1. Filter the range 97-133 for residues that are hydroxyl-bearing (Ser, Thr, Tyr), surrounded by fewer than 18 Cβ atoms within 10 Å (Cβ to Cβ) and within 17 Å of Ser78 (Cβ to Cβ) and give the result.
2. Among the residues of the range 1-44 satisfying the criterion of being of a type in the set (Phe, Trp, Tyr) and assigned to a loop (DSSP other than H, G, I, E, B), which is surrounded by the most Cβ atoms within 10 Å (Cβ to Cβ)?
3. Looking at (1) outside any helix (DSSP H, G or I); (2) among the charged types (D, E, K, R); (3) farther than 30 Å from Pro236 by Cα, find the lone condition where Asp89 falls short.
4. I'd like to verify a number: residues in the range 262-281 that are of a type in the set (Val, Ile, Thr) and either farther than 24 Å from Leu71 by Cβ or in a helix (DSSP H, G or I) (or both), how many?
5. If Asp253 satisfies every condition in (1) at pLDDT 95 or above; (2) of a type in the set (D, E, K, R); (3) surrounded by fewer than 17 Cβ atoms within 10 Å (Cβ to Cβ) but one, which is the exception?
6. Going by what's in this entry, would Glu304 be described as assigned to a loop (DSSP other than H, G, I, E, B) and touching a Ser or Thr at 6+ places or on another chain (Cβ under 8 Å)?
Amino acid sequence: NPDAAFIEGDVLDKEKLKAAVLDADVVYHEAAMVGVGQSMYEIARYMDANAIGTSHLLDILVNEEHDVKKLVVAASMSSYGEGAYVDADGNPYAFHMRPEAQLSAKQFEPVDAKGGKLTAVPTSEEKLQDCNSIYAISKKVQEDMVLNIGRSYGIPSVALRYFNAIGPRQSLSNPYTGVAAIFMSRIKNGNRPTIFEDGLQTRDFVSVHDIVQANVLAMEGHGADYESVNVGTGKPTSILKVAQVIAQLYGSDVIPEVTSRFRKGDIRHCYADISKIQRLLGFEPKVSFTDAMKEIIAWSDTVEANDTVDEATAELEKKGLIV
């Protein structure tokens, strides 16, 4: 956009941050280090960027003269930990984390305390945030700080809890970015996508265009002021299906490698209940999973993809985070 001013900087650089913020009417705080696995061994780096960086922004809004009338923060579904479940009788069941012994036995589906089957259901904003990684903790801290300062100082603030974002301009060379981009990079380089567990774990993949829609609605409306709302599609998609769809759309005969290994802290299922954002802001997801994948694949043909997944996996193995 030729009308946009670009400032290259770091949220830890308070003076540059101040220059970007003081003349703004609306602040979208999207800046963060992203990487669940990497956050477990680069703890200070993630907390510096995500928590301390956010504190710098809020310091400016509290202590400087400015014209900011709305603050929107990119929160994350990762702060939920596992998604919502019901037991065999259809009753809500508060599930925390799968025991390592169960995962080592290749029993990947969550069960209740008696070993009974649990079924994943849409995860609402009422679910307890039960963070399973430093990244998730840092995103929860961002959300909590923004809403706390917003309420205290009368700055209308909204936390948009993004589910799994997909779309053009997502890095194809960052092995810690979204799974769709990682799989795309693997296939473009003639390598098999690596899938942990059995591939049947599910996530809610939402197009960047629908995320933009949510951001605009949060800016223009006041229904979600001082609230946290999910941004997703409300539809679960398995990780195995993601890899299969990408290979199909690329016309590739590469077959995903389902390893039956697991990463410590990984969740099994989580997809969004979007009824709150629909009610408060009129949000409706417009881009299907397949259309979103077609768009990112078309875009991927215009950029280079450096596959460094093996190196990232080796680092997680070295730290004992992959079993």
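1. Narrowing the range 97-133 to residues hydroxyl-bearing (Ser, Thr, Tyr): 104, 119, 123-124, 133.
Among the residues that remain, those that are also surrounded by fewer than 18 Cβ atoms within 10 Å (Cβ to Cβ) are: 104, 119, 124.
Ser124, the sole residue that qualifies.
2. Out of the qualifying residues, it is Tyr41.
3. For Asp89, the exception is condition (3).
4. Within the range 262-281, residues that are of a type in the set (Val, Ile, Thr) and either farther than 24 Å from Leu71 by Cβ or in a helix (DSSP H, G or I) (or both) number 2.
5. With (1) at pLDDT 95 or above; (2) of a type in the set (D, E, K, R); (3) surrounded by fewer than 17 Cβ atoms within 10 Å (Cβ to Cβ) applied to Asp253, the lone miss is (1).
6. On the way: assigned to a loop (DSSP other than H, G, I, E, B): yes; touching a Ser or Thr at 6+ places or on another chain (Cβ under 8 Å): yes.
Considered against the rule, which asks whether it is assigned to a loop (DSSP other than H, G, I, E, B) and touching a Ser or Thr at 6+ places or on another chain (Cβ under 8 Å), Glu304 comes out as yes.
The values are calculated or read from the model by the stated rules, or taken from the named source; none is laboratory data. Please read all numbers here as calculations on a predicted model, not as lab measurements. All Cβ positions, glycine included, derive from the backbone under ideal geometry; neighbour counts span all protein chains shown.
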